[in-house]
Amino acid sequence: MMNMIAHQSYVFLIIKLAAVEILILFLYLLIRLPKTIFVLPNLTISENISLNYITIIYFVILSLIKLLFTVKITLEWAGNVYEIRDDSIIHRKGIFNVKEDIYTLRSLSSVTIEQSIWGKLFNYGTIILYSPIHKTNYYIVNVHDPKKITDTLHDNIEDKKNSEIIRKKT
């Protein structure tokens, strides 16, 4: 039996960070290009210098916004952890205000992987856990290497069932 930590796939972290980068670049260009093309040729040197100060302030504000979004996205990713133990799955969400859900393997009967073509290409997927006791599905969403995780879960579930059978016989 083995304990394992699972995160959402790195692919989603990279996509979100790239989206922030592209959005900030777009916002910067939205202000910078019209100024360069239409305004700068018609300004005196002193007006151009004061406009550059405004551009620098705008750039600093955009950089701070980018930093805040980058930290937020990274902390959300780092704070969303699934810990697969011998007898349970613990889902921890949050960094400063941590919410923890615990699911016992004893209550689970099946483990399924859902992967899209992108999931197969980048090795991520969603694991669906079915609990007949609660008559509901639990989802481990977009985790890296779902096959390895499901193999661990299958092994742990089988070990639980075998240990219960041994206890019943004695």
Regarding the stretch 77-145, what whole-number volume in Å³ per residue does the convex hull of its Cα atoms give? 92 Å³
Just to check I understand the Karplus step: with θ = phi - 60° and J = 6.51 cos²θ - 1.76 cosθ + 1.60, what whole-Hz values come out for the stretch 21-30, glycine and proline as x? 4, 5, 4, 5, 4, 4, 5, 5, 5, 4
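Give the ranking of Trp118, Trp77 by solvent-accessible surface, highest area first, calculated with a 1.4 Å probe. The partial results should precede the final answer.
Working: Trp118 150, Trp77 40 Å².
Heavy-atom accessible area, descending, gives Trp118, Trp77.
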Vicinal HN-Hα couplings computed from phi for the stretch 71-83 (Karplus, 6.51 cos²θ - 1.76 cosθ + 1.60; Hz; Gly/Pro x): 5, 4, 5, 5, 5, 4, 5, 5, x, 10, 10, 10, 10
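The values are calculated or read from the model by the stated rules, or taken from the named source; none is laboratory data. Bear in mind the structure is a predicted one, so any value in this text is a computation, not a measurement. Calculation scope for accessible area: heavy atoms of the full protein, side chains included, ligands and nucleic acids excluded. Shrake-Rupley method; radii C 1.70, N 1.55, O 1.52, S 1.80 Å.
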